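Heads up, the thing below is written out as structure tokens.
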Amino acid sequence: MPRLSDSMEEGTIIKWLKGDGDAVARGDELVEIETDKATMTYEADADGVLQIVAGEGDTLPVGEVIARLNGRGEVSGDSGQASEPEPEPEPEPEPEPPPAQEAPPSAPPPQRDGDQQRDGGERIKASPIARRMAKEKGLDLSSLQGTGPGGRIVKADIEGAKPEVAAAPVPAAAPEPQPTGKGETELVDLTRTQALIARRMAESKATVPDFTLQMDIDMDAAVAMRAQLRAVADVVPSFNDMVVKACALALREFPRANGSYKDGRFELHARINVGVAVAAQDALIVPTIFDADRKSLGEIARAARELAEKVREGTVTPPELSGGTFTVSNLGMYGITNFTAVINPPQAAILAVGAIEQRPVVRDGAFVAGHRMAVTLACDHRILYGADAAQFLARVRDLLENPAAMAL
């Protein structure tokens, strides 16, 4: 099970894209895996013949074997096909009773699935997933002819076979919840992504001593600059792109805001990689804009649009979801003016961005209409203290109120 994201601890096999016994080349798409962030496709990192170990729907921790490729220690030297594991020695039979006793002979010891034999004594060759499926369907492997390499029984052979009459009974379904004063209740299982998000967010609130700072930012200059860019730029940066750029530049000056607290030490990261929260189907995904401090506003705008589209299409890749050192979460497009976001461990902070709205403001002793945007910075107090956080947020404000500085 590969580690497909920084926070991934286990993954679920959704679908095998190659069959057991298939020849695969490096770069071929092998399997779809659901992680804590998204469902991703994993590619073969070598040529060989595929031997599937973990079946579809199985959940395994990172590092557990889900498949083998020959050429990596699992090759049969004669045929070049994935080799079968050597059977364990069968237990010795009990000695026969003396002839004087007329007790019936004892039954032979039960055999393990991996050591089943046909009538002629030939050991049955079957993939692990085929053995598991046969057991679930109540099929006797000795009655099947395999279509895999060397007559091996594979998944397709089990799918096309009819179950025996003596198949194990299907367990009874769990009782439906009874109606209460709330009416009928529907129980909905969380997806793997939702379950891991729930666990990590609860972990964050339980273990991170956080505090928040709020600030209003004058966005008049940013609104005017964006209006000018509309006339000359093919990709017009959004206000959120400007926030990302301002945060990235401010993080240069306040390295602890770009760091992490871990095991009693500060980890100060050399690269400034800003994660941008994107709403996916029933989940929140945070792809990363790498080296955001070195990118122009136009480059940030293009990267953000491309990543958001990949998240919604489900094609975002593991590297694009890892390596974040700071996060921006924006709900302004929904009309939300102020909110507090949950820190994404092990990052030191997250900036929540509200909608830009026109308000009456005092300028030169008179009331005028001005564009204002409220932001809230949530901080891990173990690494980012109040004064440092306040100075960092003030620098973000200065950059947004003087956006020309972000173009230098």
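Couple of notes before you dig in:
- Summed residue charge, Cβ within 13 Å of P237's Cβ, Lys/Arg positive, Asp/Glu negative: +3
- Largest first and in whole Å, the equivalent-ellipsoid semi-axes of the stretch 186-337 read 27, 21, 16, each the square root of five times a Cα gyration tensor eigenvalue.
- Take the Cα of N402, step 7 Å toward its Cβ, do the same at R200, and the gap between the two points is 3.7 nm.
- Figure note: M133, M40 ranked by solvent-accessible area, largest first, 1.4 Å probe, ligands and nucleic acids not counted: M133, M40.
- Efficiency of FRET between T340 and R252 - r from beta-carbon atoms, R0 25 angstrom, step 0.05: 0.50
- Calculated FRET efficiency for the pair T315/A390, C-beta based, R₀ 51 Å, to 0.05: 0.80
- The stretch 258-312: C-alpha gyration tensor shape, a/c 1.5 cut-off, then a/b vs b/c: oblate
- Between R305 and Q145, residue separation times 0.36 nm minus the direct Cα-Cα distance comes to 52.4 nm.
- For the listed residue pairs K15/K205; K15/K182; K18/K137; K15/K125; K182/K310, the alpha carbons are over 27 angstrom apart in K15/K205; K15/K182; K182/K310.
- DSSP beta bridges confined to the stretch 241-348 are antiparallel in about 75 percent of cases.
- The stretch 1-72: equivalent-ellipsoid semi-axes (sqrt of 5 x gyration tensor eigenvalues, Cα, Å): 20, 12, 11
- Calculated FRET efficiency, K182 to D6, Cβ-Cβ distance, R0 = 30 Å: about 0.15 to the nearest 0.05.
The values are calculated or read from the model by the stated rules, or taken from the named source; none is laboratory data. In this text, all values refer to a predicted model and were calculated from it rather than measured experimentally. FYI the Cβ positions are ideal-geometry reconstructions off the backbone, even for glycines, and counts take in every protein chain you see. What goes into the accessible areas is simple: the full protein's heavy atoms, side chains included, and nothing from ligands, DNA or RNA. Shrake-Rupley method; radii C 1.70, N 1.55, O 1.52, S 1.80 Å.
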